[in-house]
Amino acid sequence: MALAAATFTVVTSEMLPVGLLTPLGNALRVSEGTAGLTLTVTGLVAAVSAPLVAPAVGRLDRRLVLCALMSALAAANLLAAWSPNFAVLLAARVLVGLTMGGVWSLAAGLAVRLVPAASVGAATSVIFSGIAVASVLGVPAGTYLGELAGWRAAFGLAGAVAAVVAAALAALLPPLPAERAVRLGGVLRLVGAAPVRTGLLLVALLVTGHFAAYTYVRPVLEEISGAGPSLIGTLLLVYGCAGIAGTFLAGYGVGRSVRGTLRVICAVLAGSVLLVPVLGVAAPGAAALVAAWGLAYGGVSVGTQTWLMAAAPAAREAASSLFVAVFNGAIALGALAGGRAMDAAGPVPVLVLAGGLALAALAVTIAGRAPTASG
C-alpha cells in the first residue's frame, strides 16, 4: 500500500496541470497550448530517465532510493506552488519528471520481494492500482482544489502528500538491496521481442491519443459543451469515478483475455472522444461521453502493463522501465500535439486526432503479436 501511495502521488503530480491549465495560464500570462508544456516537459524527462534510473543506482537499497525520490518530488511540487513565472514552473516540472521515472520503474518490480509467492500477482496489482487511480482521480481532485483555493494550493498539497508518502516508505518498507545490477543494454534488448514491441506500440498509441485530448479537456468542455468551472469539476469527477470502475473491470478482463480487453478499451476510447462534437454539446451528452472515456482509459494502465509483464516475466524491472519510458514519452507527445492543434484550429481537430490514434491501437490489438500467456 505504501508503494501504491507512491505511484499514486507521482502520477497525480505529473497530471495535476491538466485541470488547472486555464487559471495557471492566466496567472502566468501564457496561452493554454503553452501551459500544456508543463505536462510535455514532465513526460519527456520521465521518458528519458526511467530506463536510466535502475542502472544509475546500481545496487543501492531500493527503499533509500524511493525515499529520496519522493522527497525530491515534494520539493518539486512546493517549488511549482511558489513559482513566480512560467520558467520556474517548468524547472519544477523537470524535477517532477525525474522523480516519476524513477519511482514508477523501481516500484513495479518490488512486489515479488514483499509478499509470499502466491500473493505476488495481487500485490503487483495493488502497486499498479496507484497509477491507475491517479490517472482518473488526480485531475478531478486538483481541479476542485484549484477552484476552491487556487492552482498554487493544488501543487502545495501535492508536495505535502509526497512528503508524507516518503515518511511512510521509510517506516514501512524493509531494506531492499538490489538483487542484481540492471544494465541499460539488458533493458534495450527486451525491445527485440515481438510481444514487447507490440505492447509498447499499444502504449504509445493509446496514451498519445488520450493525452492529446485530455490535456485540453477543460477548454474542450468550455468551448464545445459550454461548461463553466463548477460543471467541469463535476464532469471530471464523473470521469474519475468511471475510471475507477474501468480499472477494476479491466483487472477482471485481463485475467480472461488481455487482447480482448484491450480491443474493447480501444473501441470505447475512440468512440467516446470522436462523438464529443456531435453528442457532447449539452451537459447530459457530455457527461455520458466523459463517463465512457473514463471507463475506457481507466483500463489502459492495467491492460498494457499486464501485456508487458506477460511478455517479459523474467525481466519485470527492465520491462517496467521501458513501459514508463514509452508511457511518459507518449504523454509528452500527446500534450504537445494536442496543444499545437488546439492553438491552431480549436478543440474538434484535437478530438479527431485522439480518436484516430485509438482506432490505430485497435488495429494493433487485432494484428499484433501477443504474449503466449495473455489469452
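Since every read-out is calculated from the coordinates, none of them should be taken as a lab result. No experiment lies behind these values; they were computed from the predicted model shown. All Cβ positions, glycine included, derive from the backbone under ideal geometry; neighbour counts span all protein chains shown.
Residues of segment 24-54 falling in the label zone of ALA68, defined by backbone nitrogen less than 14 Å from a point 7 Å along Cα to beta-carbon, are 53-54.
Karplus-based coupling profile of segment 217-234, in residue order and whole Hz: 5, 5, x, 4, 5, 5, 7, 8, 9, x, 7, x, x, 5, 5, 4, x, 5, with θ = phi - 60° in 6.51 cos²θ - 1.76 cosθ + 1.60 and x standing for Gly or Pro.
For the chain, dividing the convex hull volume of the Cα atoms by the residue count gives 113 Å³ per residue.
Rounded to whole numbers, the Karplus 3J(HN,Hα) couplings from phi for segment 349-357 are x, 4, 5, 5, 4, 4, x, x, 5 Hz, using 6.51 cos²θ - 1.76 cosθ + 1.60 with θ = phi - 60°, and x at Gly and Pro.
Our coupling estimate for segment 71-88, obtained by passing each phi through the Karplus curve with A = 6.51, B = -1.76, C = 1.60 and θ = phi - 60°, is 5, 5, 5, 4, 5, 5, 5, 5, 5, 4, 5, 7, 3, x, 8, 5, 5, 5 Hz, Gly and Pro reported as x.
By the count of neighbouring beta-carbon atoms within 10 Å, fewest first, TYR252, TYR239 end up ordered TYR252, TYR239.
The modelled label-to-label distance between LEU201 and ARG369, using points 7 Å beyond Cα along the C-beta direction, is 1.0 nm.
May I ask you to compute the full-extension gain from ASN26 to LEU231, defined as 0.36 nm times their residue separation minus their alpha-carbon distance, rounded to one decimal in nm?
On the way: separation 205, 0.36 × 205 = 73.80 nm, distance 1.96 nm.
My answer for the length gained is 71.8 nm.
Given 20 °C and 1.002 mPa s, how large is the Stokes-Einstein diffusion coefficient of segment 1-134 in µm²/s, with Rh as the Kirkwood radius over Cα pairs? Let's see the in-between values first.
Details: Rh = 15.5 Å.
D, rounded to a whole number, is 138 µm²/s.
Fully extending the segment from ALA153 to ARG340, taken as 0.36 nm per residue of separation minus the present Cα-Cα distance, adds 64.5 nm.
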